[in-house]
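The values are calculated or read from the model by the stated rules, or taken from the named source; none is laboratory data. Since the model is a prediction, treat every value here as computed from it, not as a measurement. Note that we place each Cβ from the backbone using ideal geometry, even for glycine, and neighbour counts take in every protein chain shown. In case anyone asks, the SASA skips ligands and DNA or RNA and just uses the protein heavy atoms, side chains included. Shrake-Rupley method; radii C 1.70, N 1.55, O 1.52, S 1.80 Å.
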Amino acid sequence: ARFVYRNLHRITEVTCTMDTHLPFQIFFSSFWLDGAGAPLQPYREVTAEQVRAGEAVPNPALATWLTDGDVDWLNRQALFYCEALERAGKYRLYLWPPHCILGSDGHALAGVIHEARMFHAYARFAPNRVEQKGEHPLTENYSVLAPEVLETHDGGAVAARNDALLRRLLDADVVLVAGQAASHCVASTVDDLLAEIAAVDPSLAGK
């Protein structure tokens with residue numbers, strides 16, 4: 001926040017990215033059951049092999065509103081998702097405890113940061129956008145630029161890349177990135193941005 005105030009005259013726009021989650025998502029333990037029908041615990045990985053062996057299965061009750069009751073489709077999608085993650089080699093599916101739930105205190109920006117961005121918005125007549133990510137129940141979305149898996153097992157769309165934000169970042173003179181967590185969300189966003197820069201114009205990485 002102090003950095004924003006001190007550089008008010010130089011910063012043209014602040015964009016906050018907000019992890020935004022619902023009670024049941026593929027990366028929450030609430031989504032999964034073990035082979036005996038007991039809930040899985042958080043802080044663990046779920047592998048494609050475990051899904052194939054029936055050691056981790058989506059809770060069939062979720063199919064009533066996720067897939068219009070098609071439990072078999074949900075099971076196939078869960079396996080497809082784990083396989084897609086493992087092929088990409090970036091992450092395996094990790095089950096987190098509930099966090100950043102929409103409507104909770106954990107979803108809100110820290111007050112001092114919110115005040116600084118609002119002060120900047122009014123002082124600079126800047127839009128100061130908020131980019132929400134992570135709402136789709138069937139994919140992780142560490143990077144603000146794209147979910148981890150974009151497709152379903154039968155060729156449908158799960159979610160889309162954030163091309164509008166990407167264009168804004170590529171057009172900026174300087175991009176400053178700060179936040180948490182350096183292991184996942186910040187790291188994935190920076191990695192995705194650098195990959196896009198490499199494809200467009202590697203010299204843009206200098207900014």
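Listed by first and then second residue, the pairs with beta-carbon distance under 6 Å, at least 6 apart or on different chains, first residue in the range 57-68 and more than 19 Å from VAL46 (Cα to Cα) and among the β-branched types (Val, Ile, Thr), second part of a helix (DSSP H, G or I) and open to solvent by less than 60 Å² (accessible area, probe 1.4 Å), are THR67/TRP73; THR67/LEU74.
Answer yes if at least one residue in the range 140-148 is open to solvent by less than 80 Å² (accessible area, probe 1.4 Å), out of contact with any Gly (no Cβ under 6 Å at 6 or more places or on another chain) and charged (D, E, K, R), and no otherwise. Scanning the range 140-148 turns up at least one residue that is open to solvent by less than 80 Å² (accessible area, probe 1.4 Å), out of contact with any Gly (no Cβ under 6 Å at 6 or more places or on another chain) and charged (D, E, K, R).
Of a type in the set (Phe, Trp, Tyr), on the phi < 0 side of the Ramachandran plot, out of contact with any Lys or Arg (no Cβ under 6 Å at 6 or more places or on another chain) and at pLDDT 95 or above, is that true of TYR43? Before the answer, list the steps.
On the way: of a type in the set (Phe, Trp, Tyr): yes; on the phi < 0 side of the Ramachandran plot: no; out of contact with any Lys or Arg (no Cβ under 6 Å at 6 or more places or on another chain): yes; at pLDDT 95 or above: yes.
It is false that TYR43 is of a type in the set (Phe, Trp, Tyr), on the phi < 0 side of the Ramachandran plot, out of contact with any Lys or Arg (no Cβ under 6 Å at 6 or more places or on another chain) and at pLDDT 95 or above.
If you go through the range 39-73 and keep only what is out of contact with any strand residue (DSSP E or B) (no Cβ under 9 Å at 6 or more places or on another chain), outside any loop (DSSP other than H, G, I, E, B), open to solvent by 40 Å² or more (accessible area, probe 1.4 Å) and more than 24 Å from ALA88 (Cβ to Cβ), you end up with ALA61, THR64, TRP65, ASP72. The listed residues are GLU49, GLU131, GLU115, and the only one of them that is within 23 Å of the chain's Cα centre (by Cα) and among the charged types (D, E, K, R) turns out to be GLU131. For the range 178-191, the set of residues classified as open to solvent by less than 80 Å² (accessible area, probe 1.4 Å), assigned to a loop (DSSP other than H, G, I, E, B) and within 18 Å of GLN132 (Cα to Cα) consists of GLY179, ALA181, HIS184, listed by residue number. Across the range 192-207, the qualifying residues are those that are closer than 25 Å to THR139 by Cα and surrounded by 14 or more Cβ atoms within 10 Å (Cβ to Cβ), and the one among them that is nearest to the chain's Cα centre (by Cα) is ASP192.
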